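Asker: Below you'll find the structure I mean.
The values are calculated or read from the model by the stated rules, or taken from the named source; none is laboratory data. The structure presented is a predicted model; accordingly, all values stated were derived computationally and were not measured. Cβ placement follows ideal geometry from the backbone for every residue including glycine, while neighbour counts extend to all protein chains displayed. Heads up: the accessible areas ignore ligands, DNA and RNA and are worked out on the full protein's heavy atoms, side chains in. Shrake-Rupley method; radii C 1.70, N 1.55, O 1.52, S 1.80 Å.
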Amino acid sequence: MSFIDGQAGVLEYRGYPIEDLSAHSTFEEVAWLLLYGELPSSAELEAFEADLARLRVPSPTLVKMVQAFPVTGHPMQALQASLAALGMVSPKVDLRDAASKDEAARRVIAVTPVLVALFERVRAGKEYVAPRADLSTAANFLWCLDGEEPAEIASKTLDCALILHAEHTMNASTFACRVVASTENDPYTSCSGAVGALFGPLHGGANERVLNQLSTIDGVDAVEGWYEAKAESKSKVMGFGHRVYKTKDPRAKNLQVLAVKLFDELGSTPKYDVALKLEEVVTAKLGGRGIYPNVDFFSGLVYEKLGLNTDVFTPIFAMARVAGYCAHWLEQHEDNKLFRPAQIYVGQRERSYAPMSER
Ligand code: ACO
């Protein structure tokens, strides 16, 4: 589905470099590419977009369920629960029927941004805003958040960010998705499991922590001292390092370009200067060990400029990544085998049971 060269910093979806996709494509086109392996024709894309518009509208029962969630919950917890709830109100998926599988995968991709936006409104004590058939996935998310027509630059920037987050080989959450799928589960349960894996700070949860981290650094001059204190306490710097990339993550490079374009249009933020200095300091100290900015380093700066809450950054990652999860879910069901990793047992064997009085 995708290819990474961790030394050269290359990422391709189905053979297409992400630089080309983010410059020329749309999230919907990329979702199709991931699901079906080829770029769509204009007729295919039109029909796909119409399908997404139809499937984007959550049922009234699902809206009521999300509205009943405790507002003390993290938006990722709400999303994990929302996707499980989506399975409760959707037609049963027939894993032997291609049309049934396609519809279920498309429903997850279409409705996830609406569910994320809905919980944001619940937290703000606001009413549900229904999605519109004439808006893209990215524009609909912004519309459902604010109930206002989003600016072109905001929709376009978010659309690019969604493309850059849509798929990334066998990362922890995609692996979780495939494990759940392999027990012959539908995409609602599989994606709900994957979102749980994405939530953690070592994976998708790093993006909100990057912004919190930048907020605690008192300007560019404080960066070196801040880093020394981190290194002293052996704490990790969020937004740096990757299991596969040993150079700057190509998604970070693209998100940085996106951030700069946005700042040109809407004005910069002092946090960007702090981020640049932090990249310089961390790279000088840890670059030799292959530790460079990852995808989460610049995304938060983009989302903050779009006026989004810090703890909704990871759900935005998720609403893009469900395209990848669903493509993997389809692939898993082309020739399913139950995941059951072997283990090496190193404990004791054949012990005699001791009654409680003798322990
Ligand atoms: N800051 C400081 N040191 C680091 C960092 C970092 N961000 N990342 C790795 N290191 C150091 C570790 O402390 C360790 O040092 P040691 O050998 O002296 O003990 C060494 O590099 C190896 O670290 P691991 O965590 O074992 O390496 P791994 O390949 O598992 O790292 C990971 C990948 C988990 C992403 C790590 O770099 C990290 O925790 N980064 C911070 C969290 C983050 O930004 N996560 C988002 C990743 S992108 C994504 O999932 C969407």
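Asker: Any residue in region 119-132 that's farther than 19 Å from PRO315 by Cβ: show its pairings with residues that are open to solvent by less than 60 Å² (accessible area, probe 1.4 Å) at Cβ separation under 7 Å, as long as the two are six or more apart or on different chains.
Answerer: Note: pairs meeting the criteria are GLU127/ARG121; ARG132/ASN140; ARG132/TRP143.
Asker: May I pose another question? Specify which of the listed residues (VAL244, VAL223) is touching a Gly at 6+ places or on another chain (Cβ under 6 Å), more than 7 Å from the ligand (Cβ to nearest atom) and farther than 16 Å from PHE298 by Cα.
Answerer: Result: VAL244 is the single residue among VAL244, VAL223 that is touching a Gly at 6+ places or on another chain (Cβ under 6 Å), more than 7 Å from the ligand (Cβ to nearest atom) and farther than 16 Å from PHE298 by Cα.
Asker: Now a separate question. How about region 156-179: which of its residues are free of Cβ contacts under 8 Å to residues at least 60 places away in the same chain, within 30 Å of HIS333 (Cα to Cα) and open to solvent by 40 Å² or more (accessible area, probe 1.4 Å)?
Answerer: Hits for region 156-179 are MET170, ALA172, PHE175.
Asker: A further question follows. Show me the helices (runs of 4 or more DSSP H) entirely contained within region 180-289 in which 3 or more residues are within 18 Å of the chain's Cα centre (by Cα).
Answerer: Because the criterion is at least 3 residues that are within 18 Å of the chain's Cα centre (by Cα), the helices (runs of 4 or more DSSP H) in region 180-289 that meet it are 187-198, 206-216, 250-266.
Asker: Assess whether TYR325 counts as being surrounded by 16 or more Cβ atoms within 10 Å (Cβ to Cβ) and within 16 Å of the ligand (Cβ to nearest atom).
Answerer: Numbers: surrounded by 16 or more Cβ atoms within 10 Å (Cβ to Cβ): yes; within 16 Å of the ligand (Cβ to nearest atom): yes.
Yes, satisfied.
Asker: Among the residues of region 204-220, write down those that are touching a helix residue (DSSP H, G or I) at 6+ places or on another chain (Cβ under 6 Å) and more than 9 Å from the ligand (Cβ to nearest atom). Give the derivation first.
Answerer: So the first thing to find is which residues in region 204-220 are touching a helix residue (DSSP H, G or I) at 6+ places or on another chain (Cβ under 6 Å), and the list is 204-208, 210-211, 214, 217, 220.
Residues satisfying the conditions are GLU208, LEU211, LEU214, ILE217, VAL220.
Asker: Now a separate question. Need the failing condition index for ARG106 against (1) open to solvent by less than 60 Å² (accessible area, probe 1.4 Å); (2) out of contact with any Cys (no Cβ under 9 Å at 6 or more places or on another chain); (3) over 21 Å from TYR303 (Cα atoms), just the number.
Answerer: Going through the list (1) open to solvent by less than 60 Å² (accessible area, probe 1.4 Å); (2) out of contact with any Cys (no Cβ under 9 Å at 6 or more places or on another chain); (3) over 21 Å from TYR303 (Cα atoms), ARG106 breaks only (2).
Asker: So which residues in region 124-155 are assigned to a helix (DSSP H, G or I) and surrounded by fewer than 18 Cβ atoms within 10 Å (Cβ to Cβ)?
Answerer: ASP146, GLU152, ILE153
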